[in-house]
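Contents: one structure, followed by commentary.
The values are calculated or read from the model by the stated rules, or taken from the named source; none is laboratory data. Values in this document were obtained by computation on a predicted structure and should not be read as measured data. For neighbour counting, all protein chains shown are included, and Cβ atoms are generated from backbone atoms with ideal geometry for every residue, glycine included. Side chains included, ligands, DNA and RNA excluded: accessible areas come from the protein's heavy atoms. Shrake-Rupley method; radii C 1.70, N 1.55, O 1.52, S 1.80 Å.
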Amino acid sequence: MTKETIDLKGRKALIVGVANADSLAWWAAKHIRNAGADVAMTYLNDKAKPHVAPLATELGAEILVPCDVAAPGQLETVFDALKEKWGTVDVIFHAVAFARKEDLRGRLTDCSAEGFTQSMLISCHSFIHMARLAEPLMQQGGTLITLSYYGAEKVVDHYNVMGPVKAALEATVRYLAHELGPKGIRVNAISAGPVKTRAASGIEHFDELLLEAAAKAPLRRTVDACEIGRVSVLLASDYGASITGEVLHADAGFHVAGMVFH
Ligand code: NAD
């Protein structure tokens, strides 16, 4: 038997969602690169570029292009760049979420149609859009990974509109897995435990949420971004070859906790 190692050498990975060095996407990019894959990264806009470009350089990313998933044509341009440079892509890592401040901080009951639509478009439909664009570049199969959260399954105070949006994202994972599986394309979500990032800072009482997560989780701790990066490598690799349509919890077991007494 050969030595057990996770080797992504020769694989091509697109990472969307790096904002800074705290981003879960950055940790996924680092670990996927460290496992040997070639990496392409995107940045949201000109304002974000100075924060992302040095990280892309540090990683030796072969492609760095702008990508606002809500801007018509930008995702197409990203995939054109992949096609031109690589011809194929093996891994798509989607770590994109957005909700208007008033919707993230307000009740779902009060969420406007526009706010809801915008959040769904950016946080959920963009994954569908990426799957469609990736499909022709994954003739030998591939893997699509997105990030979800426990608030998709159960009510989490202050998660508000993102709860139903992440629930839609998780259902999307299952339907895409069903549709693309016959082509050898796997589709999974990582349901990550709470980690302090810029997106997380938009959620009210996030520090309390972290404490609650650590207190209730079977491992009695929260997770870190590095751990989410490692799960990304697992799903991207042949070690995850039989896993598709899955929402894999990387949350120190928090999702199994019911009533916990202290
Ligand atoms: P982050 O702020 O570092 O990443 C969010 C990313 O979304 C940013 O890079 C931002 O530029 C991008 N984005 C927003 N609107 C966009 C648009 N229109 N086009 C392209 N990109 C856009 O925070 P993060 O916590 O690393 O978030 C990454 C993903 O992880 C999100 O889907 C988030 O919901 C999910 N997640 C986070 C946690 C957590 O506790 N941090 C837990 C579970 C799931």
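Kindly establish whether ALA37 is at pLDDT 95 or above, open to solvent by less than 30 Å² (accessible area, probe 1.4 Å) and within 13 Å of the ligand (Cβ to nearest atom).
So ALA37 fails the test.
For PHE127, state whether it is within 19 Å of the chain's Cα centre (by Cα), within 16 Å of the ligand (Cβ to nearest atom) and open to solvent by less than 10 Å² (accessible area, probe 1.4 Å).
yes
For (1) more than 16 Å from the ligand (Cβ to nearest atom); (2) modelled with pLDDT of 95 or more; (3) within 25 Å of MET138 (Cβ to Cβ); (4) surrounded by fewer than 17 Cβ atoms within 10 Å (Cβ to Cβ), each residue gets a yes or a no:
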position	(1), (2), (3), (4)
GLU4	yes, no, no, yes
VAL16	no, yes, yes, no
LEU24	no, yes, yes, no
ILE32	no, yes, yes, no
MET41	no, yes, yes, no
ASN45	no, yes, no, yes
LEU59	no, yes, yes, no
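Starting from residues that are assigned to a loop (DSSP other than H, G, I, E, B) and of a type in the set (Phe, Trp, Tyr), keep the ones in region 147-179 and report whichever is nearest to the ligand (Cβ to nearest atom).
Checking each candidate, the answer is TYR149.
(1) without any contact (Cβ under 8 Å) to a residue 60 or more places away in the chain; (2) away from the ligand (no atom under 16 Å from the Cβ): which one isn't true of GLY115, the others all being true?
For GLY115, the exception is condition (2).
If you scan region 222-262, which residues turn out to be within 14 Å of the ligand (Cβ to nearest atom), open to solvent by 30 Å² or more (accessible area, probe 1.4 Å) and outside any helix (DSSP H, G or I)?
Matches in region 222-262: THR222, ASP224, LEU248, HIS249.
Tell me which residues, restricted to region 66-84, are within 13 Å of the ligand (Cβ to nearest atom) and surrounded by 19 or more Cβ atoms within 10 Å (Cβ to Cβ).
If the condition is that a residue be within 13 Å of the ligand (Cβ to nearest atom) and surrounded by 19 or more Cβ atoms within 10 Å (Cβ to Cβ), then CYS67, VAL69, LEU75, VAL78 are the ones that fit.
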